[in-house]
Amino acid sequence: MKSLITGGSGAGKGAAPAAQVSNIPVLDGEGKGNSFILAQAIVQAVDAGAQVINMSLGSDGDSAVVRAAVAYAISRNVALVAATGNEAVNRVSYPAAYEGVLAVASVDGDKQQLYFSNRGSSVGVAAPGFAVVADRPGGKTFNVSGTSASTALVSGVVAALLSKEPGMTGTRATALLRQYADDTGVAGRDDETGYGVVDLQRVLERNQRGIVDLAIAGVKFDPAGKLTVAVQNRGTETVNLPVLEIRVGGSSRKFHPGSLAPGQSVAEFVRFDAVRARQDGGIAGFASIQAPRGLDQRSGNDLWSGYFKISK
């Protein structure tokens, strides 16, 4: 996973190419380990001065010794980043489930949750987790999928933030990644992707005034006859009088949220004729969010369109 943190010959320049990575083995050749070894590794890393601990692993069981090691790391303001797990269940694996650990889920290229990514109230953020290019020995590359890959990418982002803003603690860095994540799916935090997909640029620009950036954050399709669209203000300025338009089938509506504060997400929906859509085998949808007077400086995320197939 090192190449996903620092970047490599195949992965290109990573989020934290200058990061110093120490590898402390906790699993054997068959991917098995135990709680004592993991707890010992966490404490060892903290005592060695680690600022970020990547844990691309997980198990179903709680452990008092690991819980204590996690608490020790957090007391030293170390960033703990762990995988939610790949079992497609409504349960986040340990140690990701512990309070204070940044639990990472997986999304695809469209920022939609991948089917295998575990869900739950402990999910903090999400990152790409399908066919991520990583290095293998001998200068070759391979594609890796799973929340372990997503976790390594997020650890790289944390390391990059600590590098760019010296003096910041690891726990503060993980808090900022949650706060400035790109919302996806339904409006606001959810059990699939947490606060959203990590966005280092938004964190670094958080104190830069004058950025106007509205975005289509997520689309939820209900074949019973409803299309819901979430939008988010990803800029640094409150946007007054934005206009959200949703079209689905022959139905179209414009919504006027009033104002959107930085980071705020809202959702609206339009109903459609579900019987007709099923007869046609599917239905097309469209959505746009516009700032007044064309003020949006990053218009690439203002539009969405798609087609939903429905079994007859």
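The values are calculated or read from the model by the stated rules, or taken from the named source; none is laboratory data. Just so it is clear, the model here is predicted, and its values are computed rather than measured. Reconstructed Cβ throughout: ideal geometry from the backbone, glycine too, with neighbour counts over all protein chains shown.
Loosely packed, with under 14 Cβ neighbours inside 10 Å and either within 18 Å of the chain's Cα centre (by Cα) or among the polar types (S, T, N, Q) (or both): does that describe Glu99? Judged against the criteria, Glu99 is a match. Close Cβ contacts (under 8 Å, 6 or more residues apart or on different chains) running from residues in region 161-182 that are in the same structural domain as Val198 (by TED's automatic domain parsing) and touching a residue at least 60 places away in the same chain (Cβ under 8 Å) to residues that are among the small types (Gly, Ala, Ser) and assigned to a loop (DSSP other than H, G, I, E, B) comprise Ser163/Ala16; Ser163/Ala18; Ser163/Ala19; Thr171/Gly100; Gln179/Gly263; Tyr180/Gly263; Asp182/Gly196.
For region 47-89, filtered to residues that are under 17 Å from the mean Cα position of the chain (by Cα) and part of a loop (DSSP other than H, G, I, E, B), the residue that is farthest from Gln113 (Cα to Cα) is Ser56. Residues in region 191-213 that are in contact (Cβ under 8 Å) with a residue 40 or more places away in the chain, under 18 Å from Thr151 (Cβ atoms) and either aromatic (Phe, Trp, Tyr) or part of a loop (DSSP other than H, G, I, E, B) (or both): Asp191, Glu192, Thr193, Tyr195, Gly196, Val198. Here Tyr195 meets the list (1) at pLDDT 95 or above; (2) surrounded by fewer than 21 Cβ atoms within 10 Å (Cβ to Cβ); (3) in contact with a helix residue (DSSP H, G or I) (Cβ under 8 Å, 6 or more places away or on another chain) almost entirely, failing just condition (2). Quick one: is Val81 in contact (Cβ under 8 Å) with a residue 40 or more places away in the chain, crowded, with 21+ Cβ neighbours inside 10 Å and under 20 Å from Lys32 (Cα atoms)? When the stated conditions are applied, Val81 passes them. Taking region 278-311 as the range and being more than 29 Å from Arg202 (Cβ to Cβ) and buried (at least 19 other Cβ atoms within 10 Å of the Cβ) as the test, only Ile283 passes. Of all residues in region 68-105, exactly one satisfies the criterion of being closer than 15 Å to Ser150 by Cβ and of a type in the set (D, E, K, R), namely Glu87. Scanning region 144-190 for residues that are assigned to a loop (DSSP other than H, G, I, E, B) and farther than 30 Å from Ala267 by Cα gives Ser145, Glu165, Pro166, Gly167, Met168, Thr169.
All conditions in (1) touching an Asp or Glu at 6+ places or on another chain (Cβ under 9 Å); (2) of a type outside the set (Val, Ile, Thr); (3) over 19 Å from Val26 (Cα atoms); (4) not in a strand (DSSP E or B) hold for Tyr98, with the sole exception of (3).
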